[in-house]
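The values are calculated or read from the model by the stated rules, or taken from the named source; none is laboratory data. Just so you know, these numbers come straight off a predicted model, no measurement behind them. Ideal geometry is used to build each Cβ from the backbone, glycine not excepted, and the neighbour counts take in all protein chains shown.
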Amino acid sequence: MKRIAIATFATVLLSHVVTAQQPPAPPRPPAPAASAPAPLVPLRVEVTLSKYQGDKKISSTPYTLAVNANERDQSNFPKTADLTSAIQVLIPMVTVNEKTTGPVYKDVGTRIQCRAESLDGGRFKLELNVEDQRVLPDAKLPADGVRGPWLQAFRSNQSLILKDGQSSEYSAATEQVSGEQERISVLLTVVK
């Protein structure tokens, strides 16, 4: 019994000596304060798709989206405003990997997606994704003898930084068959 008491006393004494020789643990940093989310700012984003033949404007189609800058979804990702204006076109047969299926319907039209974040100085960063598809009329079909329908697509995925009331023409491309040029412009307005 005496040996057990001496052994226990020696163990406790030794553990205090070892602990006293270790450097003190560094103080824990304070828990980071949860930063308040940026306030929502309602915006009106006007996207205009214009077509030109040379310098002559032949069409202009405006679209308007309501976008809340700094809005997040349930997973804390920026929320996207989405606008689609389309018709369904019947494509009689489609062959993919040597397998033919049909008929198939395909949405043809315009789809615009937009996200917005507030920046300093009253500026906003817009993430714009625009896709415009249309059926080419018979007069514009390639002369290779293959029957359509033929679909023309114009896609743009851009980031822009704009202030309230500022507009920008930010993307342009020339269609290879007709020579028409398609341009995209955007106007940002803060809704008060």
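From the list A69, A86, exactly one residue is at pLDDT 80 or above and within 30 Å of K163 (Cβ to Cβ). Which is it?
A69
Among what's in the stretch 147-167 and is assigned to a loop (DSSP other than H, G, I, E, B) and without any contact (Cβ under 8 Å) to a residue 40 or more places away in the chain, pick the residue that is nearest to G54 (Cα to Cα).
The residue in question is W150.
Take the residues of the stretch 74-102 that are among the small types (G, A, S) and farther than 30 Å from A38 by Cβ: which is surrounded by the fewest Cβ atoms within 10 Å (Cβ to Cβ)?
Among them, the one singled out is G102.
Within the stretch 42-63, can you find the residues that are over 19 Å from F154 (Cα atoms), surrounded by fewer than 18 Cβ atoms within 10 Å (Cβ to Cβ) and under 20 Å from the mean Cα position of the chain (by Cα)?
Passing the criteria: P42, R44.
Hey, among S60, S50, S75, S85, which residue is outside any strand (DSSP E or B) and among the small types (G, A, S)?
That would be S75, the only listed residue that is outside any strand (DSSP E or B) and among the small types (G, A, S).
If you take the residues of the stretch 168-192 that are small (G, A, S) and assigned to a loop (DSSP other than H, G, I, E, B), which of them is surrounded by the most Cβ atoms within 10 Å (Cβ to Cβ)?
Ranking the qualifying residues of the stretch 168-192, first place goes to S178.
Is the stretch 91-102 home to any residue that is assigned to a strand (DSSP E or B) and under 20 Å from the mean Cα position of the chain (by Cα)?
No: zero hits.
Scan the stretch 64-74 residue by residue and report those that are over 15 Å from the mean Cα position of the chain (by Cα) and over 14 Å from T189 (Cβ atoms).
Selection gives Q74 alone.
Six or more apart or on different chains, Cβ under 8 Å: which pairs go from a residue in the stretch 99-126 that's at positive phi to one that's of a type in the set (D, E)? Could you list them?
These pairs meet every condition: G109/D132; G122/D164.
In the stretch 28-40, is there at least one residue being under 30 Å from S185 (Cα atoms), touching a residue at least 12 places away in the same chain (Cβ under 8 Å) and surrounded by 11 or more Cβ atoms within 10 Å (Cβ to Cβ)?
yes
Based on this model, can you work out whether K2 counts as surrounded by 10 or more Cβ atoms within 10 Å (Cβ to Cβ), modelled with pLDDT under 95 and charged (D, E, K, R)?
no
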